[in-house]
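All of the numbers you see were taken from the coordinates with simple rules; none came from a lab. Just so it is clear, the structure is predicted and the values come from calculations on it, not from any experiment. A quick note on method: Cβ atoms are made from the backbone with ideal geometry, for glycine too, and the neighbour counts reach across all protein chains shown.
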Amino acid sequence: MTITRRTILQGAGASLALAGLGARSAWASTELNFGNAKLQTLSDGHLSLPADFIFGPMPKDKLAPILETYKIPEGALTPECNLTLLRDGERVILFDTGAGSTFQPSAGKLTEALDAAEIAPEDVTHVVFTHAHPDHIWGVLDDFDDPFFYEAEHMIGKAEWDYWYDPATVDSIDSSRTAFAVGAKRRLEALEDAITFFDDGEEVLPGIMAHGTYGHTPGHMAFELRSGSESVMVVGDAIGNHHVAFARPDWNSGSDQDQPMAAATRVKLLDQIAHDQMRMVGFHLPGGGLGRVERDGDTYRFVSEGA
Ligand SMILES: [Zn+2]
C-alpha cells in the first residue's frame, strides 16, 4: 500500500508558485494505492458552520480543554468536504457528489477538483451516497437539474431513500433542517427512475460492503473497501470531525439527527477501525480526510495521512 501526496497547482497559480511568489495551492489530493485499486480524495471546498451546530449539546466545562488541545477557534467552524473516488481498473466510483452551486459559496468545488484530477463527469461509472444531506447530495444535479454524472449508476441505502423521499419528512424534521428535506426530496425525485438501492451488510459493488451507521441521518451508510488483504473505511459523517468525535465519541453531537444513536454508532465504528487497524476517509476530516485511528483508553486520535 503506497500513499502519494501531491498538490495540484493550476494556471496562473502554478506559474506564480514556480516564480516563488507563494500562490496558494488550488486542490490538494491524496492518493492511496491498495491492491489493484486506487483511492483518491477530492476536495469539494469547505463549509462554514456556527460552532454550536456541533457543540450545542456538549458539557461546556469538559469541552473547553478539548477545543484548546485541537486549537479550535470560537465562532464559526470551517470543516473540509472530501469526496472519495475509487478506481479499480473497470469502475470509477464516486462516494457522494458534494454540495453543488447553491448550498454555501465555499463548497461545491467538485467540478474544479475533477478538472484538476483530469476526470470527466462521464468517466464516473457509479455514484454511491453515504447520506442525503446537502453537502453530500446537492451536487448530483447540474444547473439544468440533470444528473451531473450522466453515465453513472446512482446507488443509495434504502432506509435513507425512504426517509428523505417521504413527503411527511419536511413537516416532521426539526424546523432548522426544513431546507435539507426540501432539497433532498427534489434531488431524489430527479433520480427516481434510475437509482439502485442497497441495505446494511450488502456488497454494493465487488469489494465494497455497506455498513448501516445510523444516527447522523436515519439511513446513513459507511463503506468498507477491500482489495486483497487491505481495507479502507469510508465513514461519511458517521465520524464527523477530528476533535470531539475522536476525543469523546460517546457525547451527543448537535450535527446528528438522532444524537444518542449516532454516538453509539461512532463508538462502535471507531472501535472497529482501531481494532482492525484500517485506514479511514472522513468526509469532514482535515488534510483530505484520509488517515488512521489511534486509541488511548476510551478516546481516540485521528492521524492524518493527507497533504
Ligand atoms: Zn457532511
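Given the options Leu32, Leu225, Leu49, which has the most mean-square fluctuation in a GNM of the chain, springs set between C-alpha atoms less than 10 angstrom apart?
Residue with maximal mean-square fluctuation among Leu32, Leu225, Leu49: Leu49.
Treating only the Cβ atoms of Lys and Arg (+1) and Asp and Glu (-1) as charged, compute the dipole magnitude of segment 85-241 about its Cα centre; round to the nearest 20 debye.
Once rounded to the nearest 20, the dipole reads 440 debye.
Let me check I've understood the local charge: for Ala64, count other residues with C-beta under 13 angstrom from its C-beta, Lys and Arg +1, Asp and Glu -1. What total comes out?
That works out to +1.
What shape does segment 2-304 have by the C-alpha gyration tensor, where a ≥ b ≥ c are the square roots of the eigenvalues, rounded means a/c under 1.5, and otherwise prolate means a/b greater than b/c and oblate the rest?
Here segment 2-304 falls in the rounded category.
Equivalent ellipsoid semi-axes for segment 107-227, as square roots of 5 times the alpha carbon gyration tensor eigenvalues: give them largest first, rounded to whole Å.
23, 19, 13
Using r as the Cβ-Cβ distance of His275 and Glu153, and R0 as 30 Å, what FRET efficiency do you calculate, to the nearest 0.05?
0.35
Have a look at the DSSP beta bridges in the chain and tell me what percent are antiparallel, nearest 5.
That works out to approximately 75 percent antiparallel.
Run the numbers for Asp199 and Val303: contour at 0.36 nm per residue of separation, minus the present Cα-Cα distance, in nm.
Contour length minus the Cα-Cα distance gives 34.4 nm.
Could you give the distance between the Cα centres of segment 190-239 and segment 281-297, to the whole Å?
Here the answer is 18 Å between Cα centres.
Counting other Cβ atoms within 10 Å, keep those with at most 13, restrict to DSSP loop, and tell me which GluC sites (Glu not before Pro) in segment 145-199 are left. Intermediate results must be reported in sequence, preceding the final value.
Working: sites: Glu151, Glu153, Glu160, Glu189, Glu192; in loops: Glu151.
Here the GluC sites (Glu not before Pro) that fit, given the DSSP loop and packing criteria, are Glu151.
Could you tell me the relative contact order of segment 2-304? Use alpha-carbon pairs under 8 Å, at least six residues apart, and round to a whole percent.
So the answer I get is 15 percent.
If one computes the Cα centroid of segment 142-171 and of segment 251-270, what distance in Å separates the two points?
24
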